[in-house]
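S.K.: Dropping a structure here in structure tokens format, bear with me for questions.
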Amino acid sequence: MQTSEAFKESDGTRYVVPDGRVLIGRSHQGDENGSTCYHHAALVVVTPEGEYRTTVGTGSWSEPQTESSSRFEAEEGHVLTGRWHQDDENGPTEYQSAPVTVHINDTEHPLSFQHGEWVTAEEPDHDVRAPEGQVLVGRSHQGNETEKTHYLFATPTV
């Protein structure tokens, strides 16, 4: 796991994970002018038959949503790979998601994800990371910067 450098999201910084990596969490301190970091990792699928490398495809961005009523859940076979937010809770938010394939016996197969429960994080300060072996596939926030944020994690399945 690696963590991005801290930045101020309200400035409109578009965060995208480095190539071949997926989002597994987020840290945020303060209001919209506070500090945000993203946690990311390379995704390796481990089965009783062995470990398999994955390829993260090209990401696509969601339509903008108002942050104070945002909810995004990646489509099947996709994980979160980026996020963009500008201004305060009334500003726009977009999410980037990308498909993932797994390489088994020199053949690529689309990866599926078994979604878990939404995890609640307290605002304005939190550090949320996926449980071991899971990735980030959704995020929801309702209200201002003191309201709760929810994260959806999923387990990759072959």
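S.K.: Given a 1.4 Å probe and every protein chain left where it sits, what share in percent of the accessible area of the chain is carbon and sulfur? If you can, show how the numbers build up before the last one.
M.R.: Details: 3480 of 7810 Å².
Carbon and sulfur together cover 45 percent of it.
S.K.: Each residue of segment 6-16 in turn: what ³J(HN,Hα) in whole Hz from Karplus with 6.51, -1.76, 1.60 and θ = phi - 60°, glycine and Pro shown as x?
M.R.: Couplings: 6, 8, 9, 4, 4, 6, x, 5, 8, 9, 10 Hz.
S.K.: Limiting things to C-alpha atoms, what are the Rg and the maximum Cα-Cα separation (Dmax) for segment 1-109, in angstroms?
M.R.: In Å, with Rg to one decimal and Dmax whole: 15.5, 49.
S.K.: Which whole-Hz ³J(HN,Hα) couplings does segment 146-152 yield from phi under the Karplus relation 6.51 cos²θ - 1.76 cosθ + 1.60, θ = phi - 60°, glycine and proline marked x?
M.R.: So the J values, rounded to whole Hz, are 9, 7, 6, 10, 10, 10, 10.
S.K.: Additional query: Residues of segment 85-129: accessible area per residue at 1.4 Å, in Å²? List each step's numbers first, then the result.
M.R.: Details: 2390 Å² over 45 residues.
The answer is 53 Å² per residue.
S.K.: Same structure, new question: Starting from the Cα of Thr55, step 7 Å along the direction of its Cβ; do the same at Glu147; then give the gap between the two resulting points in nm.
M.R.: 4.1 nm
S.K.: Tabulate in residue order the Karplus-calculated ³J(HN,Hα) for segment 33-39, using 6.51 cos²θ - 1.76 cosθ + 1.60 with θ = phi - 60°, rounded to whole Hz; enter x for Gly and Pro.
M.R.: Values per residue, Gly and Pro as x: 9, x, 9, 10, 10, 10, 9 Hz.
S.K.: Sticking with this one: Report the label-to-label distance for Asn33 and Val119 in nanometres (one decimal), using points 7 Å from each Cα along the Cα→Cβ vector.
M.R.: Taking the two extended label points, one gets 3.0 nm.
S.K.: Which FRET efficiency value, to the nearest 0.05, do you get for Lys8 and Thr101 by plugging their Cβ-Cβ distance into 1/(1 + (r/R0)^6) with R0 = 35 Å?
M.R.: Numbers: r = 35 Å, r/R0 = 0.99.
For Lys8 and Thr101, the calculated efficiency is 0.50.
S.K.: Ok, one more. What is the gain in length, in nm to one decimal, between Arg71 and Met1 on full extension, counting 0.36 nm per residue of separation less the C-alpha to C-alpha distance? Can you show the working numbers first?
M.R.: Details: separation 70, 0.36 × 70 = 25.20 nm, distance 2.51 nm.
Between Arg71 and Met1, full extension yields 22.7 nm more.
S.K.: Whose amide H sits under 5 Å from the amide H of Gly30, counting only residues 5 or more places off or on another chain, with H placed in the peptide plane?
M.R.: Long-range HN contacts for Gly30: Asp125.
S.K.: Rounded to whole Å, give me the distance from the Cα center of segment 121-158 to that of segment 85-103.
M.R.: Using only Cα atoms, the two centres lie 13 Å from each other.
The values are calculated or read from the model by the stated rules, or taken from the named source; none is laboratory data. Since this is a predicted model, take the numbers as computed values, not measurements. Note that each Cβ is placed from the backbone with ideal geometry, even for glycine, and that neighbours are counted across all protein chains shown. The accessibility values were calculated without ligands, DNA or RNA, using every heavy atom of the protein model including side chains. Shrake-Rupley method; radii C 1.70, N 1.55, O 1.52, S 1.80 Å.
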